[in-house]
1. P(r) for the chain: what percent of alpha-carbon pairs falls in each 5 Å bin, starting at zero?
2. Pairs of alpha-carbon atoms within less than 8 angstrom and 6+ residues apart define the contacts here; what relative contact order does the range 80-233 have, in percent?
3. What is the calculated FRET efficiency for Glu184 to Ser94, with r their C-beta to C-beta distance and R₀ = 25 Å, to the nearest 0.05?
4. What order, most packed first, do the peptides 149-155, 36-42, 206-212 have when packing is the mean number of other Cβ atoms within 10 Å of each residue?
5. With N set to the residue count of the range 86-186, report its C-alpha Rg divided by 2.2 N^0.38 Å to two decimal places.
6. Using 7 Å Cα-to-Cβ label points, what is the Lys24/Gln171 separation (nm, one decimal)?
7. Could you name the aspartates and glutamates in cross-link range of Lys24, using Cα to Cα under 12 Å and dropping any fewer than eight places away on the same chain?
8. Excluding residues on the same chain fewer than 8 positions from Lys87, give the lysines whose Cα lies under 17 Å from its Cα.
Amino acid sequence: MEIVARLQEVRERIAQAETRAGRKPGGVQLLAVSKTFPASAVREAYHAGQRLFGENRLQEALEKMPQLPSDASWHLIGPLQRNKIRKAVESGVSLIEAVDSLRTAETISRIAGESNKTVSLLMEVNIDGEGSKHGFAPADLYAAWEQLMALPHLEIRGLMCIPAPVSDAQQARPSFAALRELAERLRVRGGLPMPVLSMGMSHDYEVAVEEGATEVRVGSFIFGDRTYPTVLS
């Protein structure tokens, strides 16, 4: 029941943030980030009405997908290694969220074209210019936009970002606003609707909603603290 209660709380807080921002409630999708949690936890969220789940690792997604009903949707939200692109294209995930370079987009387009598929994806933006993070620098994405739009077999649905770590969620507000403004500039430049703005996680999703997020990625608040396997050297 804990997952059920936490899901309900997140949904209520999203609706409240939408109201504060003058947005119509119901416009923001909740992506339940289920990485490292067992399929049993995902099923509990599913039975509480959640249908959209996010996984960082492709292999983990492939293991869980058959264990959930077919109307569950899956987003791949972690960095995509080039040697995993073919498997990702063939996997049945509904959205690849972290396309971080023109070269990766070109490879997805080529592989999708081999089976005449169209792949939906988001461009990942390194909005704060952190050396440790993947993603396009905003200026580089703007410069590459015409090349990206020209690639066949791709549907660019929008942008995503993970701001630099902050102690107070309010400090992430400028980063969220910057991603929203970049998306607006790219819409004007290219004419793509790009309805998805994926930003905000467990600690700052309400601020992200206030700044225009259409999807928030919430994991630990719903499922609990993660335990990562210890890597022995």
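1. The distribution over the chain is 1, 7, 14, 18, 20, 18, 13, 7, 2, 0, 0, given as percents.
2. 18 percent
3. The value I calculate is 0.50.
4. Numbers: 149-155: 14.1, 36-42: 16.9, 206-212: 23.0.
In decreasing order of mean packing, 149-155, 36-42, 206-212 become 206-212, 36-42, 149-155.
5. 1.13
6. Distance between the two pseudo-spin positions: 3.7 nm.
7. Glu210
8. Lys64, Lys117
FYI, it's all coordinate maths here, none of it is from the lab. Since the model is a prediction, treat every value here as computed from it, not as a measurement. All Cβ positions, glycine included, derive from the backbone under ideal geometry; neighbour counts span all protein chains shown.
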